[in-house]
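Participant: Can you read through this structure? Questions will come right after.
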Amino acid sequence: MSEIQTPEWVKHAVFYQIFPDRFARSPQTTHPPGVVFKPWGSPPQEQGFQGGNLYGIVEKLDYLADLGINAIYLNPIFASAANHRYHTFDYMKIDPLLGGEAAFRALLDSAHARNMRVVIDGVFNHASRGFWAFHHILENQANSPYVNWFHVYGQPLRPYSSDANNPANYGAWWGNPALPKFNTDDPGVREHLFQVARHWIEFGADGWRLDVPGEIDDDSFWQEFRALVKGVNPDAYIVGEIWHDARRWLKGDQFDAVMNYYFGMAALGFFARRSLRPDLEHQEFSHVKPLSGMEFVQRIQEVMGWYDWRINQVQLNMGDSHDTPRLLWMMGEEKSALELFALFQMTMPGAPCIYYGTEIGMSSRGDPYCREAFPWDWEEKIDRQLHAFYRRAIDLRRTHPVLRIGQLEFLSASEDQVIFRRSLGQSEALVVLNNADTPSEHSLPSADLAARAYYRVWPENNGAITFVESDRLVLQVPARSGIVMVNQS
């Protein structure tokens, strides 16, 4: 096993995931005459392009900085014929509809000037029908010198087949003929994909989010990928989209972390236990069931127990994403459940990741509905109270290092309450979450505590100090809320 080394900055990061076509449109991106986008805010199920671009993100960096964001995860930005850009046809070119390389340069420079990192999406398991090497095969069939770049089973290729009895005759992701699967055993494919990985890290990207990396069932590929990326930038973040037990990839020789959907599904099951929608759609989220506090803690401890502490500190702690229904929708529109979820995210080890718009109450079922345009007409569409909550919760995390890098210990769990401790040297934070519809009272023995006095930092401190009396600390928590106490040094 390799020595585990993970990027220090990720421990302190709060990520914001952006779906570029739907976040913000800037007129600074100019297009040839005749290019027409759908109106901003068109129903996402209509598909098509609404014209969000990278300059639009640049213009909204102040909004992100004010929210407390210091890291961005971008869905794919390479040239593609799909609004989500997972159908890549040129990995060395930033999509002109997004503004091209100049816009990406401007985004990186502007983000880095604000001490924000930018992680980009790498789709290396499959390309698209428009990818230049696959197009070469379509034109030349077996005579193409690139025929071994893909898993070709017969000629001529059937790239638009929709007949289940006569499917595409080449390897494709989930059988989708639009997404031909690379033959990553081919040395030319490996060299090309590694060149892509190297190029964009050299360009200034701060890491890679890897799409369906488990489908490249080859540890040596990812070991070589890691060595190459870390050779360019040892602080680059490599995070894989693995929805299940990821121990295979998290031994220090492949990824730094994974998208920690297990974290989100457990928290969803607890905080939304009474309002959880019965019709959850996503194949993974459809298995989410209501959890008691004891079951919730057991699940979190089980998942964290799979990995080294250095891995847990940099896991990408997900709630919702472009692949799932939005959290508020899954929670049956119960805003207090979302607020408790956010507070838990901001007080746990790992990097919280907020899907664009979750902080203002955007709510919808899964793909494509969850990929709607950000409503910049604030007065009508934004939930200002929820936005303020997220802003304060992020500030809480950023103000107290113990909440970012402190050790974790669960102190107690009941049907509706969870108490845990974060500790860092002489610093201690106590987090009490009350998921019940009634207030709760908790008594902590002084033998379990690091200090004799604590002050409340959540909700915001009113200057009052709580002293440990009669060998115990008594805490009262309102219904559907949480408190955070830190010790007086």
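The values are calculated or read from the model by the stated rules, or taken from the named source; none is laboratory data. What you see is a predicted model; the values in this text were computed from it and never measured. Note that each Cβ is placed from the backbone with ideal geometry, even for glycine, and that neighbours are counted across all protein chains shown. We work out accessible area using only protein heavy atoms, side chains counted, and drop any ligands, DNA or RNA first. Shrake-Rupley method; radii C 1.70, N 1.55, O 1.52, S 1.80 Å.
Yes/no per residue for (1) touching a residue at least 40 places away in the same chain (Cβ under 8 Å); (2) within 22 Å of PRO349 (Cα to Cα):
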site	(1), (2)
ALA393	yes, yes
LEU396	yes, yes
SER412	no, yes
GLN426	yes, yes
ASP437	yes, no
LEU449	no, yes
THR466	no, no
GLY482	yes, yes
VAL486	yes, yes
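Participant: Tell me, please, whether a residue that is in contact with a helix residue (DSSP H, G or I) (Cβ under 8 Å, 6 or more places away or on another chain), assigned to a loop (DSSP other than H, G, I, E, B) and open to solvent by 40 Å² or more (accessible area, probe 1.4 Å) can be found in region 387-394.
Facilitator: Step one: list which residues in region 387-394 are in contact with a helix residue (DSSP H, G or I) (Cβ under 8 Å, 6 or more places away or on another chain), which gives 387, 389-391, 393-394.
Still in the running and assigned to a loop (DSSP other than H, G, I, E, B): none.
For region 387-394, residues in contact with a helix residue (DSSP H, G or I) (Cβ under 8 Å, 6 or more places away or on another chain), assigned to a loop (DSSP other than H, G, I, E, B) and open to solvent by 40 Å² or more (accessible area, probe 1.4 Å): absent.
Participant: Can you pull out every residue in region 462-483 that is open to solvent by less than 40 Å² (accessible area, probe 1.4 Å) and either more than 28 Å from ALA266 (Cα to Cα) or part of a strand (DSSP E or B) (or both)? Steps first, answer last, please.
Facilitator: Here is the first cut: in region 462-483, the residues open to solvent by less than 40 Å² (accessible area, probe 1.4 Å) are 468, 473, 475, 477, 479, 481-483.
Within region 462-483, VAL468, LEU473, LEU475, VAL477, SER481, GLY482, ILE483 meet the criteria.
Participant: Continuing with the same structure: For region 445-461, indicate whether the set of residues that are hydrophobic (A, V, I, L, M, F, W, C), over 23 Å from HIS400 (Cα atoms), open to solvent by 10 Å² or more (accessible area, probe 1.4 Å) and not in a loop (DSSP other than H, G, I, E, B) is non-empty. Quick ask: steps written out before the conclusion?
Facilitator: Quick first cut of region 445-461, residues hydrophobic (A, V, I, L, M, F, W, C) only: 447, 449-451, 453, 457-458.
Next cut, over 23 Å from HIS400 (Cα atoms) only: 447.
When the remaining residues are screened for being open to solvent by 10 Å² or more (accessible area, probe 1.4 Å), the result is 447.
Adding the requirement that they be not in a loop (DSSP other than H, G, I, E, B) leaves 447.
The answer is yes; a qualifying residue exists.
Participant: Let me ask another. Hey, could you check region 262-293 for residues that are in a loop (DSSP other than H, G, I, E, B) and of a type in the set (Ser, Thr, Tyr) and say which is least open to solvent (accessible area, probe 1.4 Å)? Let's see the steps before the verdict.
Facilitator: Initially, region 262-293 is screened for residues in a loop (DSSP other than H, G, I, E, B), giving 272-284, 288-292.
Applying the additional criterion that residues be of a type in the set (Ser, Thr, Tyr) yields 275, 292.
Values: SER275: 31, SER292: 10 Å².
Top of the filtered list is SER292.
Participant: Let me ask something else. Given the criterion open to solvent by less than 10 Å² (accessible area, probe 1.4 Å) and either under 30 Å from VAL402 (Cα atoms) or assigned to a loop (DSSP other than H, G, I, E, B) (or both), identify the matching residue among SER26, SER2.
Facilitator: Numbers: SER2 fails: open to solvent by less than 10 Å² (accessible area, probe 1.4 Å).
The conditions single out SER26.
Participant: Identify, from the list LEU98, LEU107, LEU138, LEU74, the residue that is out of contact with any strand residue (DSSP E or B) (no Cβ under 8 Å at 6 or more places or on another chain) and under 26 Å from ASP323 (Cβ atoms). Walk me through it before giving the result.
Facilitator: On the way: LEU107 fails: out of contact with any strand residue (DSSP E or B) (no Cβ under 8 Å at 6 or more places or on another chain); LEU138 fails: under 26 Å from ASP323 (Cβ atoms); LEU74 fails: out of contact with any strand residue (DSSP E or B) (no Cβ under 8 Å at 6 or more places or on another chain).
After applying the criteria, what remains is LEU98.
Participant: For the subset of region 156-171 comprising residues that are in contact with a Lys or Arg (Cβ under 6 Å, 6 or more places away or on another chain) and over 14 Å from VAL189 (Cβ atoms), which member is surrounded by the most Cβ atoms within 10 Å (Cβ to Cβ)?
Facilitator: From region 156-171, those in contact with a Lys or Arg (Cβ under 6 Å, 6 or more places away or on another chain) are 159, 168-169, 171; that's our starting set.
Then keep just the ones that are over 14 Å from VAL189 (Cβ atoms); that gives 159, 168-169.
On the way: PRO159: 19, ALA168: 22, ASN169: 17.
Only one residue tops the list, namely ALA168.
Participant: From the list SER446, SER440, which one is at pLDDT below 90 and of a type in the set (Ser, Thr, Tyr)? Don't jump to the end; show me each part of the working.
Facilitator: Working: SER440 fails: at pLDDT below 90.
None of the other options fit; the residue is SER446.
Yes/no matrix, rows are residues, columns are (1) assigned to a loop (DSSP other than H, G, I, E, B); (2) open to solvent by less than 10 Å² (accessible area, probe 1.4 Å):
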site: ASP320; (1), (2): yes, yes
site: GLU339; (1), (2): no, no
site: MET346; (1), (2): no, yes
site: PRO349; (1), (2): yes, yes
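Participant: Oh, and also: Looking only at region 32-55, decide whether some residue is modelled with pLDDT of 95 or more, open to solvent by 30 Å² or more (accessible area, probe 1.4 Å) and among the hydroxyl-bearing types (Ser, Thr, Tyr).
Facilitator: yes
Participant: Right, another one. Condition first: in contact with a helix residue (DSSP H, G or I) (Cβ under 7 Å, 6 or more places away or on another chain), open to solvent by 40 Å² or more (accessible area, probe 1.4 Å), farther than 20 Å from ASP211 by Cα and outside any strand (DSSP E or B). Can you find one or more residues in region 144-155 that meet it?
Facilitator: yes
Participant: Filter region 431-444 for residues that are among the polar types (S, T, N, Q) and either loosely packed, with under 14 Cβ neighbours inside 10 Å or farther than 11 Å from LEU340 by Cβ (or both) and give the result.
Facilitator: In the first step, residues of region 431-444 are kept if they are among the polar types (S, T, N, Q); the result is 434-435, 438, 440, 443.
The answer is THR438, SER440, SER443.
Participant: Condition first: within 19 Å of PHE19 (Cα to Cα) and either polar (S, T, N, Q) or part of a loop (DSSP other than H, G, I, E, B) (or both). Now tell me which residues in region 323-337 satisfy that.
Facilitator: Step one: of region 323-337, the residues within 19 Å of PHE19 (Cα to Cα) are 323-329.
Matches in region 323-337: ASP323, THR324, PRO325, ARG326.
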